[in-house]
Amino acid sequence: MLRIVVMVSGGGTNLQAIIDGVGNGTITNTEIAGVISNNKNAYALERARENGIPGICVSPGDYESREVFNGKLLEAVDAYAPDLVVLAGFLVVIPPDMIRQYRNRIINIHPSLIPSFCGKGYYGLKVHEAALARGVKVVGATVHFVDEGTDTGPILLQKAVEVKQGDTPEILQKRVMEQAEWIILPRAIDLIANGKVRVKENRTIIDQETRK
Ligand code: GRF
C-alpha cells in the first residue's frame with residue numbers, strides 16, 4: 001500500500017481528484033496519510049476534513065526564518081512516513097534537504113506541457129496568460145518528479161488540451177484542470193503505487209502494458 005502525503009496551498013481540486021480516485025478505484029493500492037498546507041485558509045484543508053484525512057498547516061509566517069520553517073516542514077512530512085509526496089498546487093519552494101531525502105519520491109502537477117511556460121514565475125493563472133499571449137493552439141498539464149530545479153525533474157505523464165477561440169486565462173485554466181490535471185495526477189499515483197515507473201537519469205520509463 002502506497003502511503004502518500006498531499007501538499008496544497010489553494011482550492012484543492014487536484015487533492016479532490018486524488019480523494020475521488022482512491023474512492024472509486026481509479027487509484028489502487030494507495031492511502032492518503034495526510035494533507036499539509038502552507039495556508040491555513042486553503043479550502044483544500046476543508047476537503048481533507050470532509051473526508052476524514054488528517055490535515056495540518058505549516059506556514060512560513062509562523063517561524064522566525066526560512067531555515068526554521070524548512071526544518072518544521074520536513075518534520076511534518078516525515079511524521080506521516082510517506083512513500084510518495086504529491087505537490088498539488090503547493091506554492092512554497094521545497095527545501096533542498098527534503099528533495100535529497102525524498103529523491104524521486106516527490107511528484108508535482110504543473111499546468112503546462114513542460115518545457116513550455118514553466119520555471120520561476122510560471123504558476124496558476126500566469127501560465128495560461130502566457131500561453132494565450134504566445135498564441136499557442138495546444139496547452140496541457142505535466143506530472144513530473146521534483147528535483148532541485150523549478151519544474152525541471154523527470155517528466156512522468158503529460159496530457160494535451162486544445163486552446164479555443166475566445167479563451168480567457170480562467171476558461172483555459174478550468175479546461176486544463178478538468179481535461180488534463182485531474183486525469184494525469186491520479187493516473188501517475190496509480191502507476192507509482194503499482195510499481196510501474198522507473199526513473200532513468202532525467203527521464204522516466206513506464207511499464208508498457210499499462211500505457212493506455
Ligand atoms: C492547479 O492549476 C495546478 O496545476 C497548479 O496549482 C493549481 C492548484 O489548484 N499546480 P488546486 O488547488 O488543485 O485546485
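Just so you know, all these numbers are worked out from the coordinates, no wet-lab data involved. Since this is a predicted model, take the numbers as computed values, not measurements. Every residue, glycine among them, receives a Cβ derived from its backbone with ideal geometry; neighbour counts consider all protein chains shown.
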* To do: Looking at the chain, send over the antiparallel percent of its DSSP beta bridges, to the nearest 5.
  => 45 percent
* To do: Please give the calculated 222 nm ellipticity per residue for the chain, where each DSSP H segment of at least 4 residues contributes -39500 (n - 2.57) and the sum is spread over every residue; nearest 500 deg cm²/dmol?
  => -9500 deg cm²/dmol
* Pick from Val68, Val143, Val58: which residue has the top mean-square fluctuation in a GNM of the chain where Cα pairs under 10 Å get a spring? -> Val68
* Asked: P(r) tail for the chain, what percent of Cα pairs lie past 30 Å?
  -> 18 percent
* Hey, what's the Cα Rg ratio for region 162-212 versus the globular rule of thumb, 2.2 N^0.38 Å? -> 1.52
* To do: Could you list the trypsin sites (Lys or Arg not before Pro) in region 92-140 that lie in coil according to DSSP, counting only those with at most 10 other Cβ atoms within 10 Å of their Cβ?
  => Lys120, Lys137
* Round to a whole angstrom and tell me the spacing of the C-alpha centers of region 62-81 and region 146-207. => 27 Å
* Sort largest first and round to whole Å: the equivalent ellipsoid semi-axes of region 108-199, each the square root of five times a Cα gyration tensor eigenvalue. => 24, 15, 9
* Cross-link reach list, aspartates and glutamates versus Lys164, counting only Cα pairs under 19 Å and skipping chain neighbours closer than eight places -> Glu129, Glu178, Glu181
* Asked: Going down the table (Lys126/Lys159; Lys40/Lys159; Lys137/Lys200; Lys120/Lys174; Lys72/Lys120; Lys137/Lys174), which pairs top 27 Å between alpha carbons?
  -> Lys40/Lys159; Lys137/Lys200
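With a cap of 13 neighbouring Cβ atoms within 10 Å, and only residues DSSP puts in a loop, list the GluC sites (Glu not before Pro) found in region 120-212.
Within region 120-212, the qualifying GluC sites (Glu not before Pro) (loop, at most 13 other Cβ atoms within 10 Å) are Glu148, Glu201.
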* **Sorted by Cβ density within 10 Å, fewest first, the residues Met177, Met7, Met1** => Met1, Met177, Met7
* region 2-210: relative contact order as a whole-number percent, Cα under 8 Å and 6+ apart -> 20 percent
* Asked: Listing Cys118, Cys57 from the residue with the fewest other Cβ atoms within 10 Å to the one with the most, what is the order?
  -> Cys57, Cys118
